[in-house]
Amino acid sequence: MRPVRSALAGALLAALSLAGCGQSSPAASPAATTAATPSAGTVSTPSAAGFPVTVEAGNGSVAVARRPERIVSLSPTATESLFAIGAGPQVVAVDDQSNHPADAPKSELSGFKPNVEAIVAKKPDLVVIANDTESLVASLGKVGVPVLLEPAATKLDEAYDQITDLGAATGNVDRAAELVAGMRGQLDEIAAAAPKDAKLTYYHELDVTPYAATSTTFIGQVYGLFGLTNIADKAPDAAGGYPKLSAEFVAQADPDLIFLGDTKCCGQSKDTLAKRPGWSKLSAIENDRVVPLDDDIASRWGPRVVDLAREVGDAVQKAATGG
């Protein structure tokens, strides 16, 4: 999801206002669900035995009658999760921002400016989205296309829950459970290995505006695993979790660590930060503690959050030991 980063912050704020997702359950009554109708030519497989199933998503109870074989993902995070749980062969198209894994069937479809006709042309039997832009759920519902809304997670448990939802909705329950268990275990291991008594402060930059993320956000909770103190928590107008900071605020806070989530979109680095007014003498810059992150990994809440945590853990270990 690589729009201009300020646009991303706005999109995240909008996404966080949506309802969270829930667990799967036995099929509910038609009146309370969105029925899934397979496209013509869909063939049931042995793994279809667990259907029908109802998933509690951001758009309510979504009933999936049969194992979907033509999934369209308009969420880069959902795309990563679908492939990670083994549902890749069921995915026929992903949006133009889905770039992982490399072999995902990328298309011209957009999750930011959805085209209902173009989506329907893919003959989907399930569409997964992160934002109900332009009332997409209702629009697709009118033409009988079921939609699973899995909005931006605000905490790790929500991310795990969404993977569980996708497993239930696609007939990959066991693989989803394995993925979640693996993520939990790896995150616990990475966090346990990092020193917690260094009392380090940090700043995570979303874009060059600069927007930041507080401890109440999903990414803030990842940093929280390492006992770090977030300078953005004391920012004015931090409501919503993504405050716009001033250069002076960051300079005065002088964080021990700076994590950049705007390296690919905006070409930011330790050198570009040093050119900002009042930043050249920041501790993080002088001590070489500016950590460039992969923008995609730093802005998604799927399986690669483990990779993000590993980078944070390594940076914390280095800073705490003076390396």
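The values are calculated or read from the model by the stated rules, or taken from the named source; none is laboratory data. Source: prediction; values computed, not measured. So basically every Cβ, Gly included, is an ideal-geometry build from the backbone, and we count neighbours across all protein chains shown. Please note that ligands, DNA and RNA were not included when accessible areas were found on the heavy atoms of the full protein model with its side chains. Shrake-Rupley method; radii C 1.70, N 1.55, O 1.52, S 1.80 Å.
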Would you point out the residue of segment 285-315, among those that are in a helix (DSSP H, G or I) and open to solvent by 50 Å² or more (accessible area, probe 1.4 Å), that is nearest to Gly86 (Cα to Cα)?
Asp307
Flag for Ala320 being modelled with pLDDT under 95 and surrounded by 15 or more Cβ atoms within 10 Å (Cβ to Cβ)
yes
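Conditions (1) under 17 Å from Arg304 (Cβ atoms); (2) open to solvent by 10 Å² or more (accessible area, probe 1.4 Å); (3) without any contact (Cβ under 8 Å) to a residue 24 or more places away in the chain; (4) not charged (D, E, K, R), marked per residue:
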{"site": "Val116", "(1), (2), (3), (4)": "no, yes, no, yes"}
{"site": "Leu126", "(1), (2), (3), (4)": "no, no, no, yes"}
{"site": "Val143", "(1), (2), (3), (4)": "no, yes, no, yes"}
{"site": "Pro151", "(1), (2), (3), (4)": "no, no, no, yes"}
{"site": "Glu158", "(1), (2), (3), (4)": "yes, yes, no, no"}
{"site": "Gln162", "(1), (2), (3), (4)": "yes, yes, no, yes"}
{"site": "Arg175", "(1), (2), (3), (4)": "yes, yes, no, no"}
{"site": "Gln186", "(1), (2), (3), (4)": "yes, yes, no, yes"}
Output the number of the condition that Ala239 fails; it satisfies all remaining conditions of (1) among the hydrophobic types (A, V, I, L, M, F, W, C); (2) open to solvent by less than 40 Å² (accessible area, probe 1.4 Å); (3) at pLDDT below 95.
(2)
As an exercise: evaluate Tyr203 against (1) under 16 Å from Phe249 (Cβ atoms); (2) within 19 Å of the chain's Cα centre (by Cα); (3) aromatic (Phe, Trp, Tyr) and give the number of the one condition it does not meet.
(2)
Taking Ala176 as the residue in question, decide whether it is among the hydrophobic types (A, V, I, L, M, F, W, C) and in a loop (DSSP other than H, G, I, E, B).
no
Some residue of segment 278-294 being aromatic (Phe, Trp, Tyr) and within 24 Å of Pro195 (Cα to Cα):
no
When segment 91-123 is checked residue by residue, the ones that are in a strand (DSSP E or B) and over 10 Å from Ser73 (Cα atoms) are none
Is there any pair with a first residue in segment 217-236 that is assigned to a strand (DSSP E or B) and a second that is buried (at least 16 other Cβ atoms within 10 Å of the Cβ) and among the acidic types (Asp, Glu) whose Cβ atoms are under 8 Å apart and which are 6 or more apart or on different chains, and what are they?
none
Quick test for you: out of Lys264, Lys281, pick the one residue that is open to solvent by 30 Å² or more (accessible area, probe 1.4 Å) and farther than 25 Å from Ala152 by Cβ.
Lys281
Determine which single condition Ala198 fails, assuming it passes every other condition in (1) crowded, with 20+ Cβ neighbours inside 10 Å; (2) assigned to a loop (DSSP other than H, G, I, E, B); (3) not aromatic (Phe, Trp, Tyr).
(1)
For segment 132-141, what are the residues that are open to solvent by less than 10 Å² (accessible area, probe 1.4 Å) and either closer than 15 Å to Gly58 by Cα or among the hydroxyl-bearing types (Ser, Thr, Tyr) (or both)?
Leu136
